[in-house]
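FYI, it's all coordinate maths here, none of it is from the lab. Keep in mind the model is a prediction, meaning the values are calculated, not measured. Glycine also receives a Cβ, built like all others from the backbone with ideal geometry; neighbour counts cover every protein chain displayed.
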Amino acid sequence: MLPTLRWYTKGIEIRYGLRVKLISRGLKGKLDQSFETTIYRILQEALTNVVRHAQANLAVVKGTFRKRGLDLLISDDGKGMDLGQIRQGTGLTGIHERAHLFAGKMTLESQVGEGTTLRIKFQTITEAST
């Protein structure tokens, strides 16, 4: 999974000039293919939102793997937003729905001028069968 995520984030850097820092902690092996695809699609949509809306210079993607779970954080140093004024578009809705497929809990934090942080906590992840 990590080589694919590195390839994707490098493409974002080249195409859009958005620096992306990818951090992974605790990944011990391969994950279930459908879970890996879900993480990729969430990352893809989140970074698309950063490129389209945030006017950011840097995005940080951090995956912290725990014993049976994953904490995923995607943050940017962009213009931020007033969460009270946010309209549910297909991007955030899609991220929420994908996270929900694996019982992920999504939170969004942002303030105008302060960037945005998307957090998803997956309580249980499945490793690939060998």
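Worth a mention:
- Qualifying residue in region 76-90 (condition: closer than 15 Å to Phe35 by Cβ, of a type outside the set (S, T, N, Q) and surrounded by 13 or more Cβ atoms within 10 Å (Cβ to Cβ)): no
- Residue in region 32-48 that is hydrophobic (A, V, I, L, M, F, W, C), part of a strand (DSSP E or B) and closer than 19 Å to Arg98 by Cβ present: no
- Extreme residue, farthest from Phe35 (Cα to Cα), among residues of region 94-114 that are among the small types (Gly, Ala, Ser) and surrounded by 13 or more Cβ atoms within 10 Å (Cβ to Cβ): Ser110
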